[in-house]
Amino acid sequence: MANFEAAKKLLKQQVGHDTKTLYCGCAIKKVGKELKPDAKSCGYVPRKPITKSGLPNVRATRIEWEHIVPAWEFGHQLQCWQQGGRANCRKKSEKFRLMEADINNLAPAIGEINGDRSNFRFGMLSQPADQYGQCQVKIDFKQRVVEPPLASRKQIAEAYFYMQKTYQLKISDKQQKLFNVWAGLEANPNLL
């Protein structure tokens, strides 16, 4: 893809009846030109239905394209990021533009969860999964860790391995071990 906007446009066109959101497994409805999560299909309830300004949380009602490996994570490994962040990398680094637009690292997610996930790393958490109704994703804002539901883990691990192989993404040993388990390459019942 030429850029992230083109990648999102292509992926939007490919959304079908069987396409589900990454973290909640919600069906996706097309409403005019917009993609919306079908919250009833998965039991999703917004963590914050009303924003701090007292307005409805619109991100809870829209689909966004989540970078499974966050742009911050792969961008941080490039010199252009050190000299001006994401905007500088978009301007000066072909590698960054390719990574940012790579559809193998993009998945549809409910906007609120995409925003809440931020650039947090993936891991395992002991807290109950009750932040988003029946959606089983867990986010610990203090530790900056996200535990995806079981149904999403293999896709997440495979995206990391793809980015590692394709773009030489560096993954910590701890994350590598976790993703090996999630991808079914290693058995460890403590990480399931």
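In table form, for the structure just shown:
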{"item": "Some residue of the stretch 80-94 being acidic (Asp, Glu) and either closer than 21 Å to Gln155 by Cβ or open to solvent by less than 20 Å² (accessible area, probe 1.4 Å) (or both)", "result": "no"}
{"item": "Residue count, the stretch 55-97 (criterion: outside any helix (DSSP H, G or I), under 17 Å from Leu169 (Cα atoms) and of a type outside the set (A, V, I, L, M, F, W, C))", "result": "5"}
{"item": "Any hit, the stretch 17-37, residues being more than 25 Å from Ile139 (Cα to Cα), in a loop (DSSP other than H, G, I, E, B) and in contact with a helix residue (DSSP H, G or I) (Cβ under 8 Å, 6 or more places away or on another chain)", "result": "no"}
{"item": "Single unsatisfied condition, Leu55 versus (1) aliphatic (A, V, I, L, M); (2) touching a Leu at 6+ places or on another chain (Cβ under 6 Å); (3) exposed (fewer than 15 other Cβ atoms within 10 Å of the Cβ)", "result": "(2)"}
{"item": "Output for the stretch 1-16, where each listed residue is in a loop (DSSP other than H, G, I, E, B) and either open to solvent by 90 Å² or more (accessible area, probe 1.4 Å) or of a type in the set (S, T, N, Q) (or both)", "result": "Met1, Asn3"}
{"item": "Residues that are of a type in the set (Lys, Arg), within 15 Å of Gly133 (Cα to Cα) and part of a loop (DSSP other than H, G, I, E, B), drawn from the stretch 38-54", "result": "Arg47, Lys48"}
{"item": "Filtered residues of the stretch 121-152 (kept if more than 15 Å from Leu178 (Cα to Cα), surrounded by 15 or more Cβ atoms within 10 Å (Cβ to Cβ) and modelled with pLDDT of 95 or more)", "result": "Gln131, Tyr132, Gly133, Cys135, Gln136, Val137, Lys138, Ile139, Asp140"}
{"item": "Residue match in the stretch 95-113 (condition: among the charged types (D, E, K, R), within 17 Å of the chain's Cα centre (by Cα), surrounded by fewer than 17 Cβ atoms within 10 Å (Cβ to Cβ) and more than 19 Å from Gly25 (Cα to Cα))", "result": "no"}
{"item": "Test: Phe161 is in contact with a Pro (Cβ under 7 Å, 6 or more places away or on another chain), farther than 17 Å from Lys20 by Cβ and at pLDDT 95 or above", "result": "no"}
{"item": "Some residue of the stretch 33-52 being open to solvent by less than 20 Å² (accessible area, probe 1.4 Å), within 17 Å of Leu10 (Cα to Cα) and not basic (Lys, Arg)", "result": "yes"}
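The values are calculated or read from the model by the stated rules, or taken from the named source; none is laboratory data. Every value quoted in this text rests on a predicted model; they were computed, and no experiment measured them. All Cβ positions, even for glycine, are placed from backbone atoms using ideal geometry, and neighbour counts span all protein chains on display. These area figures cover heavy atoms from the full protein model, side chains too; ligands, DNA and RNA do not enter into them. Shrake-Rupley method; radii C 1.70, N 1.55, O 1.52, S 1.80 Å.
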